1. Given region 3-88, what percent of its DSSP beta bridges are antiparallel, to the nearest 5?
2. Specify the residue with the greatest mean-square fluctuation among 42, 32, 19, computed from a Gaussian network of the chain linking alpha-carbon atoms under 10 Å apart.
3. In what sequence, highest mean first, do 72-84, 54-66 appear when ranked by Cβ atoms within 10 angstrom?
4. Counting helices only, and only those DSSP H runs with n ≥ 4, report the 222 nm mean residue ellipticity of the chain as the sum of -39,500 (n - 2.57) divided by its residues, in deg cm²/dmol to the nearest 500.
5. Please give the FRET efficiency for residue 85 paired with residue 57, using the beta carbon to beta carbon distance and R0 = 25 Å, rounded to the nearest 0.05.
6. Tilt of helix 70-88 relative to the longest C-alpha principal axis of the chain, in degrees (0 to 90, nearest 10)?
7. Does the chain classify as rounded, prolate or oblate by the C-alpha gyration tensor (a ≥ b ≥ c root eigenvalues; a/c under 1.5 gives rounded; else a/b over b/c gives prolate, otherwise oblate)?
8. First check a/c for region 30-71, with a ≥ b ≥ c the square roots of the eigenvalues of its C-alpha gyration tensor; if it is under 1.5, answer rounded, and if not, answer prolate when a/b is larger than b/c or oblate otherwise.
Ligand SMILES: [Zn+2]
């Protein structure tokens with residue numbers, strides 16, 4: 001993202017969908033609304049708390065830009081990696 005701004009939404013007035021993991025955000029969800037410019041295009045989307053904290057822990061992920069569902073994939077990869085590690089160590 002070339003430019004990014006976000007604000008916390010305490011309770012959504014409408015059901016939304018998380019851009020990062022494609023999970024449904026039911027009405028009155030606590031989530032984040034992100035607006036930004038990515039490759040010259042204005043974008044805005046909602047993120048659930050799980051995806052938001054992933055981006056906070058992985059700032060390079062946010063910097064490189066991500067597509068819909070990418071955070072879910074990344075979270076699953078992390079999960080698998082952790083399982084692998086537990087098996088070997
Ligand atoms: Zn999410």
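FYI, it's all coordinate maths here, none of it is from the lab. Fair warning: this is a prediction, and the values are worked out from it, not measured in the lab. For neighbour counting, all protein chains shown are included, and Cβ atoms are generated from backbone atoms with ideal geometry for every residue, glycine included.
1. Among the beta bridges of region 3-88, antiparallel pairing accounts for roughly 95 percent.
2. Residue with maximal mean-square fluctuation among 42, 32, 19: 42.
3. Sorting 72-84, 54-66 by mean packing, highest first, produces 54-66, 72-84.
4. Only helices count here, giving -11500 deg cm²/dmol.
5. With a Förster radius of 25 Å, E is 0.90.
6. Result, in degrees: 20.
7. Oblate is the answer for the chain, as a/c is 1.5 or above yet b/c matches or exceeds a/b.
8. It is oblate, given that a/c is not under 1.5 and a/b is not larger than b/c.
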